[in-house]
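Engineer: I'd like to ask some things about the structure below.
The values are calculated or read from the model by the stated rules, or taken from the named source; none is laboratory data. On a predicted model such as this, the values are computed, not experimentally measured, just so you know. We place every Cβ from the backbone using ideal geometry, glycine too, and count neighbours over all the protein chains shown.
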Amino acid sequence: MQWILNILIQKRNLLLFLFLLGIGVIFSSYRSSYHQTKLQRLGIIISGGVFKSINKSKSYLSLTESNQSLLTENSALHQELLKYRQAENSISETTINPELNDYLVRSATVVKNSYAKARNILIIDKGTSEGILKDMSVVGPNGIIGIIKQTSNHFSSVISILYQDFRINAKIQGIGAFGSLSWEGHDPTRMVLSDVSIINTISVGDTIETGGMSAYFPKGIPIGTIIDFETPISGGYYNIEVSLLNNLTDLEHVYIIENKKRSEFIDLQKKSEDGTR
Amino acid sequence: MVQDSLRVLLGFFVAIILQVLIFDNINLFGFSCPAVYMFFIINFRFDNSQFALILLGFLLGFALDVFQNSSGAITIATLLISYIRPMVIRFSFGVIPDSNTLFTMNSRLGNQLVYIGLMILIHQFFLQSIAYFDVSHITLILRNTLVNTALTFILLLATLNLTKKKN
């Protein structure tokens, strides 16, 4: 018995190190377990609260710029609205029931933003008490931002599109060629579109938008423009470099889109997959 | 003794607060962020218990990971550097350093710079390797390691010079 105690005392540094290393590895590798949810929720609550107060004071310094960007965005939306009204002048405003719209949009303020890491997360100041749920999509003034990862009562964390291993279904506007958009971790303004077949003719300057083939993002939200592409010597797919429209390093206001038919879509997809087994 | 422990605890919280509020917001070249919290581990008294340093290093990294919402890379990297610090000290200063803190040290400046530089470099290499966790990103890991090391090294030397007691 004595010798066990002696070893424990002699090697206490190594044992403590190994024990804490185990905890550290578990902490970093748990991605969908109960503990991860708990820890991340606690993290969101603490850092959300702290960063909200810091952000409040910070936002005063950039009021002019944010007003300008809000005004630009509002005017674009008004223009869009007018276009629809003209097109559907037979339907008066009062007959449009908002419950019939597929998507519900809510606004939120970013309280913590990151873009310099390999896997970036944002925190916004809306949570379950405002109707925000996991897997809702988040867009900015000029395009997509990410997907809600976790929620607490008053805050939510968002997986940024600047997140390695995260792939988004996208297509080239006007052509309809679908591909898969991913971030390589170098530059927060650039992404790579792969799996676009070389039978499609593409050119620099073409707009990339969401493909709508998943239940996350509605179809047709702009993402970026093609700035460069390579035609491979072998293999049938282009390697396309995309410049993002949104500046993800400077985000203040974002919009959360709720797809009301998402559960229906997921159910149907699951049923079809089960049926083909 | 109590005063020493209080000083260590104060240093611990100051390191977290300064890192989260100020240094995490420095995004030099868009990707570089100095790890000034390393000051706490580098400057921890050499004669204090290593057991305490390992525990504090872990807690320091854990607190920073929670605040940055990162995946736990800082926790593991600070834990590793806390554990291997005695080896770095032996390598930099010989068997026994002539003083127990950098503030009162008479060793040649070169030895002190090697110690500080090695601590930061090893820590950054661990940190970036765990964050990317993919050999195919080795160029990114090395680039971030070198730039962050240089930035942290400059800031830490400035901090040390500012806080060093005048003889």
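Engineer: Restricting the search to segment B:37-74, which residues are at pLDDT 90 or above and assigned to a loop (DSSP other than H, G, I, E, B)?
Structural biologist: B:Y37
Engineer: Are any of the residues in segment A:105-119 surrounded by fewer than 20 Cβ atoms within 10 Å (Cβ to Cβ), modelled with pLDDT of 90 or more and away from chain B (no Cβ under 14 Å)?
Structural biologist: no
Engineer: Hey, could you check segment A:36-58 for residues that are more than 15 Å from B:N25 (Cα to Cα), out of contact with any Phe, Trp or Tyr (no Cβ under 6 Å at 6 or more places or on another chain) and within 9 Å of chain B (Cβ to nearest Cβ) and say which is modelled with the highest pLDDT?
Structural biologist: The extreme case among them is A:I46.
Engineer: Any residue at all in segment B:69-87 that's of a type in the set (A, V, I, L, M), more than 15 Å from B:Q124 (Cα to Cα) and either within 9 Å of chain A (Cβ to nearest Cβ) or touching a residue at least 24 places away in the same chain (Cβ under 8 Å) (or both)? Steps first, please.
Structural biologist: The initial filter retains those residues of segment B:69-87 that are of a type in the set (A, V, I, L, M), namely B:73-74, B:76-77, B:79-81, B:84, B:87.
Still in the list and also more than 15 Å from B:Q124 (Cα to Cα): B:87.
Next cut, either within 9 Å of chain A (Cβ to nearest Cβ) or touching a residue at least 24 places away in the same chain (Cβ under 8 Å) (or both) only: none.
No: zero hits.
Engineer: May I ask you to verify whether B:I138 is buried (at least 21 other Cβ atoms within 10 Å of the Cβ) and in a helix (DSSP H, G or I)? Before the answer, list the steps.
Structural biologist: Working: buried (at least 21 other Cβ atoms within 10 Å of the Cβ): no; in a helix (DSSP H, G or I): yes.
The answer is no for B:I138.
Engineer: Please go through segment A:213-256 and pick out each residue that is hydrophobic (A, V, I, L, M, F, W, C), over 21 Å from A:T72 (Cβ atoms) and part of a loop (DSSP other than H, G, I, E, B). Write out each step before concluding.
Structural biologist: Quick first cut of segment A:213-256, residues hydrophobic (A, V, I, L, M, F, W, C) only: A:213, A:215, A:217, A:221, A:223, A:226-227, A:229, A:233, A:240, A:242, A:244-245, A:248, A:251, A:254, A:256.
In the following step, the residues that additionally are over 21 Å from A:T72 (Cβ atoms) were identified as A:213, A:215, A:217, A:226-227, A:229, A:233, A:240, A:242.
Correct list: A:M213, A:A215, A:F217, A:I233.
Engineer: Suppose we keep only residues that are of a type in the set (D, E, K, R) and assigned to a helix (DSSP H, G or I) within segment B:75-118. Which one would you say is surrounded by the fewest Cβ atoms within 10 Å (Cβ to Cβ)? Full working, then the answer.
Structural biologist: We begin by selecting, within segment B:75-118, every residue of a type in the set (D, E, K, R); these are B:85, B:90, B:98, B:108.
Then drop every residue that is not assigned to a helix (DSSP H, G or I), which leaves B:85, B:90.
On the way: B:R85: 23, B:R90: 12.
For segment B:75-118, the residue satisfying everything is B:R90.
Engineer: Criterion first (in a helix (DSSP H, G or I), over 23 Å from B:T145 (Cβ atoms) and not charged (D, E, K, R)) does B:L121 satisfy it? Reasoning before the result, please.
Structural biologist: On the way: in a helix (DSSP H, G or I): yes; over 23 Å from B:T145 (Cβ atoms): no; not charged (D, E, K, R): yes.
Considered against the rule, which asks whether it is in a helix (DSSP H, G or I), over 23 Å from B:T145 (Cβ atoms) and not charged (D, E, K, R), B:L121 comes out as no.
Engineer: Kindly establish whether B:R143 is within 13 Å of chain A (Cβ to nearest Cβ), basic (K, R) and more than 17 Å from the chain's Cα centre (by Cα).
Structural biologist: Working: within 13 Å of chain A (Cβ to nearest Cβ): yes; basic (K, R): yes; more than 17 Å from the chain's Cα centre (by Cα): yes.
In short, yes.
Engineer: Something else about it: Quick one: which of A:I223, A:I227 is crowded, with 16+ Cβ neighbours inside 10 Å and on the phi < 0 side of the Ramachandran plot? Step through it out loud before you land on a result.
Structural biologist: Values: A:I227 fails: crowded, with 16+ Cβ neighbours inside 10 Å.
Sole residue among the options that is crowded, with 16+ Cβ neighbours inside 10 Å and on the phi < 0 side of the Ramachandran plot: A:I223.
Engineer: When the residues of segment A:173-190 are filtered to those that are aliphatic (A, V, I, L, M) and either assigned to a loop (DSSP other than H, G, I, E, B) or farther than 15 Å from A:L244 by Cβ (or both), which remaining residue is farthest from the other protein chains (Cβ to nearest Cβ)? Step through it out loud before you land on a result.
Structural biologist: Taking segment A:173-190 as the starting set, the residues that turn out to be aliphatic (A, V, I, L, M) are A:175, A:177, A:181.
Subset that is either assigned to a loop (DSSP other than H, G, I, E, B) or farther than 15 Å from A:L244 by Cβ (or both): A:175, A:177.
Details: A:I175: 31, A:A177: 27 Å.
The selected residue is A:I175.
Engineer: Contact list please: Cβ distance under 6 Å, first residue in segment A:12-23 and at the interface with chain B (Cβ under 7 Å from one of its Cβ atoms), second residue among the hydroxyl-bearing types (S, T, Y) and part of a helix (DSSP H, G or I), pairs at least six apart or on different chains.
Structural biologist: Pairs that qualify, where the first residue is at the interface with chain B (Cβ under 7 Å from one of its Cβ atoms) and the partner is among the hydroxyl-bearing types (S, T, Y) and part of a helix (DSSP H, G or I), are A:F17/B:Y83.
Engineer: Could you check segment B:1-20 and list, in sequence order, the residues that are more than 17 Å from the chain's Cα centre (by Cα) and either surrounded by 11 or more Cβ atoms within 10 Å (Cβ to Cβ) or at pLDDT 90 or above (or both)? Don't jump to the end; show me each part of the working.
Structural biologist: First, pick out the residues of segment B:1-20 that are more than 17 Å from the chain's Cα centre (by Cα): B:1-7.
Once the filter is applied, which keeps residues that are more than 17 Å from the chain's Cα centre (by Cα) and either surrounded by 11 or more Cβ atoms within 10 Å (Cβ to Cβ) or at pLDDT 90 or above (or both), segment B:1-20 yields B:S5, B:R7.
Engineer: Additional query: I need a count of the residues in segment B:1-57 that are in contact (Cβ under 8 Å) with a residue 40 or more places away in the chain, among the polar types (S, T, N, Q) and within 10 Å of chain A (Cβ to nearest Cβ).
Structural biologist: 1
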